[in-house]
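Colleague: Just passing along the structure, written as structure tokens.
The values are calculated or read from the model by the stated rules, or taken from the named source; none is laboratory data. Just so it is clear, the structure is predicted and the values come from calculations on it, not from any experiment. Every residue, glycine as well, gets a Cβ built from its backbone with ideal geometry; the counts of neighbours run over all protein chains shown.
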Amino acid sequence: MIARLIPNPKIRFWLSQLLPPALLLLLPLNELFNQDGNNGPGANFLWLGIAGLLFIPASFLLLIRLFRWRSQPLRWIRPLLTLTLLALLFALLQTSWERARQDALAIAGNIDLQCKQQGRCPQQLSGERPGIRPHVGSYLRYPLLYKASHTEFRLMLVISLDMSEVFMGGSTVALLHGRGEGHALPEWPRTPAASTPHSAP
């Protein structure tokens with residue numbers, strides 16, 4: 001069937017080498033046009049899941065193709081291109097995490113400053129409305145969870161289904177930042193794992 005549609009063997013060969021890995025580009029393209037909601041956690045789950053499924057087979061196939069490069073010239077292109085695109089996807093995720101973390105840290109720093117200057121913490125994030133969860137980031141957007149007592153606050157950056165970062169501060173405590181698990185904001189006076197003090201910007 002394919003031979004009838006594409007009679008030229010060279011074209012068939014290059015399509016077989018380039019087209020399957022190129023399908024990975026649909027992942028970032030889909031998010032480029034996805035302007036609804038907080039797409040970061042879902043993209044993390046999907047992209048990392050696909051990378052986990054493809055990384056080992058592609059690596060193994062690349063080793064075989066390189067070992068047989070004399071009898072099967074250029075057939076290493078497809079696994080190598082697959083691994084390259086997986087690395088680019090992971091780099092894009094890392095960049096989006098860092099951007100969202102810096103944005104969340106800036107917001108936490110501003111809230112902490114308000115707590116210390118006014119003696120009480122704001123009870124909701126700026127721009128927060130019923131049914132609309134605030135987010136940070138640009139291309140990939142990550143939701144923020146927030147709660148506050150009179151003198152302390154908790155801000156959570158949801159990165160993936162089971163990964164988050166928590167920022168804690170208040171009028172009488174230093175601003176702390178650490179990893180969290182799940183989407184449950186820690187209660188007072190619990191602190192996140194490996195808490196790191198930050199000075200307000």
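Colleague: When the residues of region 140-173 are filtered to those that are modelled with pLDDT under 85, aliphatic (A, V, I, L, M) and in a loop (DSSP other than H, G, I, E, B), which remaining residue is farthest from ALA91 (Cα to Cα)?
Modeller: The residue in question is LEU161.
Colleague: Here's another thing I want to ask about it. Just for helices (runs of 4 or more DSSP H) wholly inside region 1-77: which have at least 3 residues that are modelled with pLDDT under 65 and touching a Ser or Thr at 6+ places or on another chain (Cβ under 6 Å)? Lay out the reasoning, then the answer.
Modeller: Working: elements: 2-5, 9-22, 26-32, 40-67.
Output list is empty.
Colleague: A further question follows. State whether the residues of region 113-123 include one that is touching a helix residue (DSSP H, G or I) at 6+ places or on another chain (Cβ under 7 Å), in contact (Cβ under 8 Å) with a residue 12 or more places away in the chain and assigned to a helix (DSSP H, G or I).
Modeller: no
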